[in-house]
Amino acid sequence: MTDAVAMTNERNQMFRELFSGKTPKRVPISNPATQDFAIQYAGFDLAEAQWDLTKLEPVYDKFCQDFYTDTYPGGSIRLPSHYQILGSTPIVMSSSGFMQHPEVVGLLAEEYDQFIASPYDCIIETVLPRLYTEFNGAPGKVAMALAKAVRAQSDDLAYLGAIRTKMNAKYGYATMGAALTEAPFDFMSDFLRSFKGISGDVRRYPDKIEAACEAVLPLMIKKGTLPNPSMLGYTFIPLHMAPYLRDKDFATLYWPTFKKLVETLADMGQTVQLFVEQDWMRYLDYLYELPENTIMRFEYGDAKLVKEKLGKKHIISGFYPVTLLQTGTKQQCVDKAKELMDILAPGGRYWWQADKSIINLEANGPVVENLRAVLEYVHENGTY
């Protein structure tokens, strides 16, 4: 057995134990830097490398060599090729090469009833042509644009998958599959009604929002289901709108369908990882109700309170502020990692991840050295 295979087996076992509520021999670690960061770190032009994926294998090889992690680093779900082919307005590349999500409206307020009656048909017939310019026109033109986009995305993902396989074989990372979905309320806001639109709808049309979330729930479950659900595969759910809602609106409009989503996925034997964005401290009692061993990666909040209220039932992650890597000294960055481990690691159920991803490598900044020091410190000292 090669060293890399042995490392993969060891890491897989570590995550199996973590996800089942057992205590692994050490704290698992994931590098918070993304593919965007890795490209810049390797010295390549960000936009060019995302269009020419042949540049990415050396990018990842260097990145994997230079930063410790137990899981494959980087990765991207927003490569530009298929978005441009479709004439995308909700996902576009900026002049600096970053893929961005502008505020868009795919569904008008007066179209709620149409959506509630048949979400899938409404998305296909009304929403997509509004958000993607190439879905307008003659059927033959639309079919050709869709075929080109599907082929482009398929080729891109296959190429990235081949790179990932090589890096896993070389560096012995844990092999975990992942799916992505959204809480129904977040889906309604992100691409259909927009942040501004859904905020107004909460006051004007709460009954329609509630019905729309129930109607779209089966699609969110399907989107979040892995082909072969297992403990080592997980569904990633970024949580967006809840901190901007009043408590009573959260309780009636956001929570019911979100809870059903997580419970359904868990019932399939699938692990769920939540990215608990912004400040959810007033919702901790709700989060406790979710299925045991739900992974919760927190962006902000009181780590001691979260550990106290949730740490005996759920897996806690996040909290480490990536902004400190830019503004702090190496010692300050390491001290923060130690502080959080002292709070969150006792008793197990802790996965070291930062509070958010790192996408931008600021010229001449200390991020690289500070990140490397923190990852090495947690690896060497992350015992439960």
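Rule-based calculations on the coordinates, nothing more; no lab input. Please read these numbers as outputs of a predicted model, since none were measured by experiment. Reconstructed Cβ throughout: ideal geometry from the backbone, glycine too, with neighbour counts over all protein chains shown.
Restricted to the stretch 161-190, and to residues there that are hydroxyl-bearing (Ser, Thr, Tyr) and assigned to a helix (DSSP H, G or I), the residue that is surrounded by the most Cβ atoms within 10 Å (Cβ to Cβ) is SER189.
Scanning the stretch 61-74 turns up no residue that is part of a loop (DSSP other than H, G, I, E, B) and free of Cβ contacts under 8 Å to residues at least 12 places away in the same chain.
Just so you know, in the stretch 75-89 the residues that are not hydroxyl-bearing (Ser, Thr, Tyr) and not in a loop (DSSP other than H, G, I, E, B) include one that is surrounded by the most Cβ atoms within 10 Å (Cβ to Cβ), and it is HIS82.
Whether any residue in the stretch 322-335 is touching a residue at least 60 places away in the same chain (Cβ under 8 Å), out of contact with any His (no Cβ under 6 Å at 6 or more places or on another chain), among the aliphatic types (A, V, I, L, M) and surrounded by 14 or more Cβ atoms within 10 Å (Cβ to Cβ) is what I want to check.
Yes, the conditions are met somewhere in the stretch 322-335.
Among the residues in the stretch 90-97, are any in contact (Cβ under 8 Å) with a residue 24 or more places away in the chain, surrounded by fewer than 13 Cβ atoms within 10 Å (Cβ to Cβ) and closer than 25 Å to TRP51 by Cβ? Let's see the steps before the verdict.
As a first pass, look at the stretch 90-97 and keep what is in contact (Cβ under 8 Å) with a residue 24 or more places away in the chain: 90, 93, 96-97.
If we keep only those that are surrounded by fewer than 13 Cβ atoms within 10 Å (Cβ to Cβ) too, we end up with 96.
Retained after the next criterion (residues that are closer than 25 Å to TRP51 by Cβ): 96.
Yes, the stretch 90-97 contains a residue that is in contact (Cβ under 8 Å) with a residue 24 or more places away in the chain, surrounded by fewer than 13 Cβ atoms within 10 Å (Cβ to Cβ) and closer than 25 Å to TRP51 by Cβ.
For the stretch 189-221, give me each residue that is farther than 23 Å from VAL104 by Cβ and under 21 Å from the mean Cα position of the chain (by Cα). Residues satisfying the conditions are PRO218, ILE221. Pairs are defined by a Cβ separation below 7 Å, a sequence spacing of at least 6 or placement on different chains, a first member in the stretch 20-38 that is assigned to a loop (DSSP other than H, G, I, E, B), and a second member that is among the acidic types (Asp, Glu); the pairs so defined are GLY21/GLU292; THR23/GLU17; PRO24/GLU17; PRO28/ASP70; SER30/ASP70.
Among the residues of the stretch 288-301, those that are touching a Leu at 6+ places or on another chain (Cβ under 8 Å), under 11 Å from GLY311 (Cα atoms) and buried (at least 16 other Cβ atoms within 10 Å of the Cβ) comprise THR294, ILE295, MET296.
Looking only at helices (runs of 4 or more DSSP H) that lie completely in the stretch 191-301, which have at least 1 residues being without any contact (Cβ under 8 Å) to a residue 60 or more places away in the chain and touching a His at 6+ places or on another chain (Cβ under 9 Å)? Give the steps one after another, and end with the answer.
Numbers: elements: 194-204, 206-223, 255-267, 284-288.
Answer list for the stretch 191-301: 284-288.
Against the numbered list (1) closer than 22 Å to VAL127 by Cβ; (2) surrounded by fewer than 16 Cβ atoms within 10 Å (Cβ to Cβ), TYR205 comes up short only at (2).
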